[in-house]
Amino acid sequence: MLIRRAKELTDNDVTDRDLYLGRRRFLSVAAAALGAAWVERAAWPAPECGESVSPDSFGMADEVPNSLEQITGYNNYYEFSTNKEAVRILAQDLRINPWTITVDGEVENPLTLDIDALLTGFNTEERIYRLRCVEGWSMVIPWQGFQLCELLKRAKPTSQAKYVQFMSLKRSSEMIGQRQTSLDWPYREGLRIDEAVHPLTLVATGLYGESLPKQNGAPLRIVVPWKYGFKSPKAITHIRLMREQPTTSWNTLAPSEYGFYANVNPDVAHPRWSQRRENRIGELQKTPTRIFNGYAEQVAHLYQNLDLRTHY
Amino acid sequence: MAMPNKSRTSTRTSTSAHTTRHPPPLAAWLKGHYRLIWWFFFLGALFPAVAMIVRTTTDQLGVNPLQALEQQTGKWTLILLIVTLTITPLRRSLSYLSKLLHSRYGKRLSDWNWVIRLRRMLGLYVFFYACLHLGVFLHFDISWDWTLLNQEVQEKPYLLAGSVCFLLLIPLTLTTPIAVMRRMGRHWRRLHRSIYIVAALAIVHFLWAAKSGDTRPWIFAGVVAFLLLYRLSAYFGWVIRKPKDDGMEVPERSRL
């Protein structure tokens, strides 16, 4: 019969009395250290903005941009109409001068820039991007603009800035679609800070070499090419850096249909529109949709620890 | 009863000639030109399909031709369904109005029963446009990928509603021939009442497929709700008194 004897306890097994009495202090210090490390990781990840990106580096070399008629004649812009082919006409009544853009919130240097200062104060470059609408259609658009990172950098975000909120214009006298309460106006969108400073995230001020047409979001809009189009707000007036995740218009209206992240993902279904395939404007036959709208190489690392099926 | 229409027409003309100096009322003229009216409706219902084909081949469907084709075929299916469902209330209310306005001509001049004979052709057009609608979806949208179709139907309630609609239309279409109608007797009417389910489901399909803020489906929903409420009301005798003639007379069946 085998009888096991308990292991003899030694001094090594006894916690030092000072440590034992200081255990709560130890926990709080450890938590603070971990917390600080996390904040540092999450906040303001781009002291320097990325280099400009050449089209070839994200697989746009073989893409043919849609025609100007297509890009300016088919616009999802609820501020004017839910009819995408009526926006071209209705948006012309919008006055875009004067216009100011404010950057505030968790920043050391809040800014209010006049649109002319904004248009001349940044070096714009051409970016040919795919645009994938949540409604299942897509286009290829040659934007002009600059990285959002460059604008945010001037406002000097604090280490507390973890999210960015965008607010579009509310002016129902000219934006007649705002007389409908289809959405809670003004239109609001948001990004995580690391998404906002990603080199692909653009402040678009032009299209096909001309200033941005009104139906495409003049005088300036955000373009986030790996997310569904509604994450790229038009005619923005306010950018606010925030500690908490901001509320966003479509997410508030139908959280089950429109997530905060809204990354283009053929594996997350929408109750109305097929996300597996897309209708490329100019082609009658639908084609398969790619994860992150084909920008996985550039952005997939942002979501390494995120379950994209629950954080859609 | 070999040629009921001809004998009725001759009675009408002789009656009006003898008893009144007024010209024959519109009702009588329309009834007398049934073939003309049939062709008018036949070509009218065909026109949207022809227009769509012309627009597709000449690239006039707007920026997003696929969406235009899907929406227009769906819209015309629904419009023709509404027209088909209007036949019975129209016939009843016209008969009622005629009786009210021309009571001195007696019942014969308030005979609008011929209207119901347009219903078969219009009903077949509903199926025709439903086939176009489904065909455009299967060919351009999902490229005949049955696995994909299965996944999409399971994920999207609007596709489930649309599929049920289409499946319900098949038996209605197959029982169109007069011979089948006669053989089925009262079961034919029972079967064809499922068109009310089709109409309700088609509206649900449209509402679920449309994006928020789009008011178009509600217009169709209102019209279909009115037409279905009319039936309910007639059935239970709420507003419309249940007529002695229950409005379900089918001329094709009495041709023998």
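Miscellaneous remarks
- Among residues of the range B:209-231 being among the hydroxyl-bearing types (Ser, Thr, Tyr) and within 24 Å of B:Ala68 (Cβ to Cβ), the one that is least open to solvent (accessible area, probe 1.4 Å) is B:Ser212.
- Of the residues making up the range B:56-99, those that are of a type in the set (D, E, K, R) and either farther than 23 Å from A:Gln70 by Cβ or at pLDDT 90 or above (or both) are B:Glu70, B:Lys75, B:Arg91, B:Arg92, B:Lys99.
- A count restricted to the range A:262-281 and to residues that are open to solvent by 40 Å² or more (accessible area, probe 1.4 Å) and acidic (Asp, Glu) stands at 1.
- As for the range B:234-248, it holds at least one residue that is of a type in the set (Asp, Glu) and either modelled with pLDDT under 75 or open to solvent by 40 Å² or more (accessible area, probe 1.4 Å) (or both).
- Residue match in the range A:78-90 (condition: without any contact (Cβ under 8 Å) to a residue 12 or more places away in the chain and either in contact with a Ser or Thr (Cβ under 8 Å, 6 or more places away or on another chain) or of a type in the set (S, T, N, Q) (or both)): yes
- Any chance B:Val180 is buried (at least 16 other Cβ atoms within 10 Å of the Cβ) and β-branched (Val, Ile, Thr): no
- Of all residues in the range B:48-65 being part of a loop (DSSP other than H, G, I, E, B) and open to solvent by less than 30 Å² (accessible area, probe 1.4 Å), the one that is nearest to the other protein chains (Cβ to nearest Cβ): B:Val63
- Summed over the range A:82-118, residues that are of a type in the set (Val, Ile, Thr), touching a strand residue (DSSP E or B) at 6+ places or on another chain (Cβ under 8 Å) and more than 14 Å from chain B (Cβ to nearest Cβ) total 7.
- Single residue of the range A:282-312 satisfying the filter (within 14 Å of chain B (Cβ to nearest Cβ) and surrounded by fewer than 17 Cβ atoms within 10 Å (Cβ to Cβ)) that is modelled with the lowest pLDDT: A:Arg309
- Candidates A:Leu183, A:Leu131, filtered to the one that is over 19 Å from A:Pro225 (Cα atoms), within 14 Å of another protein chain (Cβ to nearest Cβ) and under 20 Å from the mean Cα position of the chain (by Cα): A:Leu183
- Test: residue in the range B:189-206 that is surrounded by 15 or more Cβ atoms within 10 Å (Cβ to Cβ) and either of a type in the set (Asp, Glu) or within 12 Å of chain A (Cβ to nearest Cβ) (or both): yes
- Total residues in the range B:140-154, condition open to solvent by 60 Å² or more (accessible area, probe 1.4 Å) and at the interface with another protein chain (Cβ under 8 Å from one of its Cβ atoms): 1
- Test: A:Gly217 is under 16 Å from A:Leu131 (Cβ atoms), open to solvent by 30 Å² or more (accessible area, probe 1.4 Å) and not charged (D, E, K, R): no
- Entirely in the range B:147-218, the helices (runs of 4 or more DSSP H) that have 3 or more residues that are among the small types (Gly, Ala, Ser) and within 22 Å of B:Arg231 (Cβ to Cβ): B:195-209
- Lone unmet requirement of (1) in a loop (DSSP other than H, G, I, E, B); (2) in contact (Cβ under 8 Å) with a residue 40 or more places away in the chain for A:Pro271: (2)
The values are calculated or read from the model by the stated rules, or taken from the named source; none is laboratory data. Small disclaimer: the values here were computed from a predicted structure and weren't measured. Cβ: placed from backbone, ideal geometry, glycine included. Neighbour counts: every protein chain shown. Quick note on the areas: whole protein, heavy atoms, side chains included, nothing else; ligands and nucleic acids left out. Shrake-Rupley method; radii C 1.70, N 1.55, O 1.52, S 1.80 Å.
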